[in-house]
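Asks: Structure incoming, see below.
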Amino acid sequence: MSNPIEPERTATVRLGLRANLAQFSLLVLVNAFVGAMVGMERSILSPLAESEFHLSARTAILSFIVVFGVTKALTNYLAGRFSDRFGRKSVLVGGWLVAIPVPFLLMWAPSWAWILFANALLGVSQGLTWSTTVIMKVDLAGPKSRGLAMGLNEFAGYFALAGAALLTGGLAARYGFRPEPFYPGVVFVAAGLFLSAFVVRETAGHAAHESKLQGGFIGAPTPKEVFWRTSLFDRNLSSISQAGLVNNLNDGMAWGLFPLIFAAAHMTLGEIGQLAALYPAIWAVGQLFTGALSDRVGRKWLIAGGMWVQAASIGIVALSSSFSGFAAGTVILGVGTAMVYPTLLAAIGDVAQASWRGSAIGVYRLWRDLGYAVGALLAGVTADALGLPAAMWLVAALTFGSGLVAAVRMSETAAPTVGFTSSSPSMTTVSARSASRTGPLPSRRR
């Protein structure tokens, strides 16, 4: 089968947000539906585990996040490779097809095992859909507006996640845990699938065009080389991957433990829904500014500083016992995550050349979303052994340490792309500079 990213298909392609505004805006909307699918679980699944399935151990309650994180992480890796090999759109549509049973399983699951199965499907769907919308937006935006593109993408996903969390929390407070809070999920799947199948267009030609401007497809690394470069050998790519893992480690803790902490402090279901929505809402809106800011001031210190802000915010939540204290901590956590999230994706785009960018994003998102599973397991085991506050302080310490790793090991990635335009073939890529620091890996012709 021929590679869908063929240079000869790029004659009329233009890079940039303005040149691709219609398709870019459509992908922003699609990713909003992707984020809403996760949001419908965010405020109610942990309390549901205690109320309807009578789970008491924190590790057991958080098992749904472990299943979601592992399946999403592995699918992220495959989505990156498949998008480079078969094209972006087919992977996106496939992800929505996998999501069709999820809301119905959550509505009618007779046992916790069915909830876990639903979250396995949700993880696969999220890995295919969210990864592909990221790759497609990077394809369209080109290097000059990469941070802004990622900010808009993540804003759409996480603002919709927050809205869905608020909506389902309100529905649960009024009607109970099931089935009404999961009715919106049927709408989310139907809308996302329709738009992806019939309106979204393939963007692989844009990646081919950028690759041609970078010097073509000669010397692209193999999938194995991309994996090890992104995971370990390249100082920038591996620093980005560990920061992504720890970011989602603390997000997994927040997803699973925050509702339990709020409930233990006698918050109502409505208040828990508001708090569960506040953190991703601030995170989402903040990315509108931080993604574009990273294009101007660089990636490194937004990443390191954002991890430190997250660590401080987790400490604030651990020390609080009132709605106002919890709200302050979740707002600050949202700010710190907004500093980090789109910046990490933009930095991957800085370093990885277009011909292997999809695969690199897939590897990064593999490690990042394994953080959900690691965070849920670590937080659950620690909470069962030492209590909820101890689990939170441990996660805060790991988050602070991750910021130190980025500050010490990572170099700035954005500066070398300044001045690049879609019509200029001369571009000194960050990946070449990274290779010179870590030693070149063997390469092959594609």
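Asks: Residues Ala284, Ala311: which one is within 24 Å of Gln126 (Cα to Cα) and assigned to a helix (DSSP H, G or I)?
Replies: Working: Ala311 fails: within 24 Å of Gln126 (Cα to Cα).
Answer to the selection: Ala284.
Asks: Then there is this: Can you tell me which residue in the stretch 382-411 is surrounded by the fewest Cβ atoms within 10 Å (Cβ to Cβ), limited to those that are small (Gly, Ala, Ser) and within 21 Å of the chain's Cα centre (by Cα)? Please lay out each step first, then the result.
Replies: Step one: of the stretch 382-411, the residues small (Gly, Ala, Ser) are 383, 385, 387, 390-391, 396-397, 401-403, 406-407, 411.
Imposing the further condition that a residue be within 21 Å of the chain's Cα centre (by Cα) reduces the set to 396, 401-403, 406.
On the way: Ala396: 21, Gly401: 13, Ser402: 27, Gly403: 23, Ala406: 27.
Here the residue is Gly401.
Asks: Still on this model: Looking at this structure, is Leu97 under 30 Å from Tyr364 (Cβ atoms), crowded, with 24+ Cβ neighbours inside 10 Å and either modelled with pLDDT of 95 or more or not hydroxyl-bearing (Ser, Thr, Tyr) (or both)?
Replies: Details: under 30 Å from Tyr364 (Cβ atoms): yes; crowded, with 24+ Cβ neighbours inside 10 Å: no; either modelled with pLDDT of 95 or more or not hydroxyl-bearing (Ser, Thr, Tyr) (or both): yes.
Taking the combined requirement at face value, the residue does not satisfy it.
Asks: Out of (1) buried (at least 24 other Cβ atoms within 10 Å of the Cβ); (2) modelled with pLDDT of 90 or more, the odd one out for Arg42 is which?
Replies: (2)
Asks: For the stretch 62-74, state whether one or more residues are crowded, with 24+ Cβ neighbours inside 10 Å, touching a Leu at 6+ places or on another chain (Cβ under 7 Å) and of a type in the set (S, T, N, Q).
Replies: Checked the stretch 62-74: no residue is crowded, with 24+ Cβ neighbours inside 10 Å, touching a Leu at 6+ places or on another chain (Cβ under 7 Å) and of a type in the set (S, T, N, Q).
Asks: Look at Arg433 and say whether it is surrounded by fewer than 19 Cβ atoms within 10 Å (Cβ to Cβ), at pLDDT below 50 and in a helix (DSSP H, G or I). Reasoning before the result, please.
Replies: Values: surrounded by fewer than 19 Cβ atoms within 10 Å (Cβ to Cβ): yes; at pLDDT below 50: yes; in a helix (DSSP H, G or I): yes.
In short, yes.
Asks: Given the condition touching a residue at least 12 places away in the same chain (Cβ under 8 Å), surrounded by fewer than 22 Cβ atoms within 10 Å (Cβ to Cβ), touching a Phe, Trp or Tyr at 6+ places or on another chain (Cβ under 7 Å) and under 28 Å from Leu106 (Cα atoms), answer yes or no: does some residue in the stretch 187-206 qualify?
Replies: Yes; the residues of the stretch 187-206 include at least one that is touching a residue at least 12 places away in the same chain (Cβ under 8 Å), surrounded by fewer than 22 Cβ atoms within 10 Å (Cβ to Cβ), touching a Phe, Trp or Tyr at 6+ places or on another chain (Cβ under 7 Å) and under 28 Å from Leu106 (Cα atoms).
Asks: Residues that are without any contact (Cβ under 8 Å) to a residue 40 or more places away in the chain and among the hydroxyl-bearing types (Ser, Thr, Tyr): find the helices (runs of 4 or more DSSP H) completely inside the stretch 11-116 holding 1 or more of those.
Replies: On the way: elements: 21-42, 45-51, 58-61, 63-86, 88-99, 102-108.
Per the criteria, 21-42, 88-99.
Residues are listed down the side, and each one gets a yes or a no for (1) touching a Leu at 6+ places or on another chain (Cβ under 9 Å); (2) surrounded by fewer than 24 Cβ atoms within 10 Å (Cβ to Cβ):
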| site | (1), (2) |
| --- | --- |
| Phe117 | yes, yes |
| Ala120 | no, yes |
| Gly127 | yes, no |
| Ile135 | no, no |
| Val138 | yes, no |
| Lys144 | yes, yes |
| Met150 | yes, no |
| Asn153 | yes, no |
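Asks: Filter the stretch 262-313 down to residues that are β-branched (Val, Ile, Thr) and surrounded by fewer than 24 Cβ atoms within 10 Å (Cβ to Cβ) and give me whichever is modelled with the highest pLDDT.
Replies: Filtering the stretch 262-313 for residues β-branched (Val, Ile, Thr) gives 268, 272, 282, 285, 290, 297, 303, 309.
From what is left, the residues that are surrounded by fewer than 24 Cβ atoms within 10 Å (Cβ to Cβ) are 268, 282, 285, 297, 309.
Working: Thr268: 86, Ile282: 91, Val285: 88, Val297: 89, Val309: 97.
Among residues in the stretch 262-313 that are β-branched (Val, Ile, Thr) and surrounded by fewer than 24 Cβ atoms within 10 Å (Cβ to Cβ), the one modelled with the highest pLDDT is Val309.
Asks: One residue is enough: does the stretch 256-278 have a residue meeting the conditions part of a helix (DSSP H, G or I), within 24 Å of Gly401 (Cβ to Cβ), within 16 Å of the chain's Cα centre (by Cα) and of a type outside the set (D, E, K, R)? Full working, then the answer.
Replies: Going residue by residue through the stretch 256-278, those that are part of a helix (DSSP H, G or I) are 256-264, 269-278.
This time we only want the ones that are within 24 Å of Gly401 (Cβ to Cβ), so: 256-258, 261.
Checking which are within 16 Å of the chain's Cα centre (by Cα) leaves us with none.
Looking for residues that are part of a helix (DSSP H, G or I), within 24 Å of Gly401 (Cβ to Cβ), within 16 Å of the chain's Cα centre (by Cα) and of a type outside the set (D, E, K, R), one finds none in the stretch 256-278, hence no.
The values are calculated or read from the model by the stated rules, or taken from the named source; none is laboratory data. Remember, predicted model here, so these are calculated numbers, not experimental data. Because the Cβ atoms are built from the backbone with ideal geometry, glycine has one as well, and the counts that use them run over all protein chains shown.
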